[in-house]
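Accompanying notes for the structure given below.
What follows is calculated from the coordinates using simple rules that are stated; it is not laboratory data. Computed from a predicted model, the values in this text were never measured in an experiment. Ideal geometry is used to build each Cβ from the backbone, glycine not excepted, and the neighbour counts take in all protein chains shown.
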Amino acid sequence: MKFLRAKLTRLLVDTFASDDRRIEHALSVLRTAESMLESYPGCDPEIVMASALLHDIGIKMSEEKHGYNNGVTQEQYGPPVAEGLLVSIGFPPEKIEIVKNIIGNHHSPSRYDYLELALLKKADQIVNRNEEGH
């Protein structure tokens with residue numbers, strides 16, 4: 001898909017507005033995931049990109065509805081938000097389903113055997129550890 005990174009990044013920035021920490025986190029997860037792609041042969045780079053940039057997209061809705069967010073609420077609210085965003089840029093419907101499943105499972109024990117999910121979980125874990133200073 002032409003200019004996918006730019007389109008996804010715009011969606012991320014538009015959603016999180018001035019929340020620079022969350023925007024930077026998503027960008028870091030993408031960089032980390034892309035650097036690990038060779039270790040996960042068969043991964044779809046478009047699914048990796050969309051999942052990495054949008055994996056925490058449910059945070060905003062969770063915080064608006066509940067005043068907090070956690071892994072459960074991120075997995076609950078993220079997939080429908082991501083679907084609307086991905087549809088808006090013409091992302092392929094069959095890939096939207098996979099991205100939604102990944103976003104809805106990135107904090108839980110894996111319910112899917114997608115290589116992209118395993119890659120996202122590892123990249124998110126590495127970035128979270130680095131952000132915490134460990």
Per-pair calculated FRET efficiency, R0 = 22 Å: Ile89 and Lys122 via Cβ, rounded to 0.05: 0.25
Karplus (6.51, -1.76, 1.60) ³J(HN,Hα), θ = phi - 60°, over the stretch 82-88, in Hz, Gly and Pro reported as x: 4, 4, x, 5, 5, 4, 4
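Once you order the gyration tensor axes a ≥ b ≥ c over the Cα atoms, which shape class does the stretch 4-113 get: rounded for a/c under 1.5, otherwise prolate or oblate by comparing a/b with b/c?
On the way: a/c = 1.42, a/b = 1.28, b/c = 1.11.
Cα axes put the stretch 4-113 in the rounded bin.
Please identify the longest segment of the chain free of exposed chymotrypsin sites (Phe, Trp or Tyr not before Pro), where exposed means a DSSP state other than H, G, I, E or B and no more than 10 other Cβ atoms within 10 Å. Each step should come with its number before you reach the end.
On the way: sites that count: Phe3, Tyr68.
With chymotrypsin sites (Phe, Trp or Tyr not before Pro) excluded where exposed in loops, the chain gives 69-134 as its longest stretch.
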Calculated from backbone phi, Karplus (6.51, -1.76, 1.60) coupling profile of the stretch 92-103 in Hz, x at Gly/Pro: x, x, 5, 7, 4, 4, 5, 4, 4, 5, 5, 4
Taking the stretch 3-134 and dividing mean pair separation by its residue count, relative contact order in percent (alpha carbons under 8 Å, at least six apart): 28 percent
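What range in the chain is the longest one free of trypsin sites (Lys or Arg not before Pro) that are in a loop by DSSP and have at most 14 other Cβ atoms within 10 angstrom?
On the way: sites that count: Lys2, Arg111.
That gives 3-110 as the longest site-free run.
Between their Cα atoms, which of Lys7/Lys60; Lys60/Lys100; Lys65/Lys100; Lys2/Lys122; Lys100/Lys122 are more than 24 Å away from each other? Working shown, then result.
Numbers: Lys7/Lys60 19 Å; Lys60/Lys100 16 Å; Lys65/Lys100 20 Å; Lys2/Lys122 27 Å; Lys100/Lys122 18 Å.
Among Lys7/Lys60; Lys60/Lys100; Lys65/Lys100; Lys2/Lys122; Lys100/Lys122, the Cα-Cα distance tops 24 Å for Lys2/Lys122.
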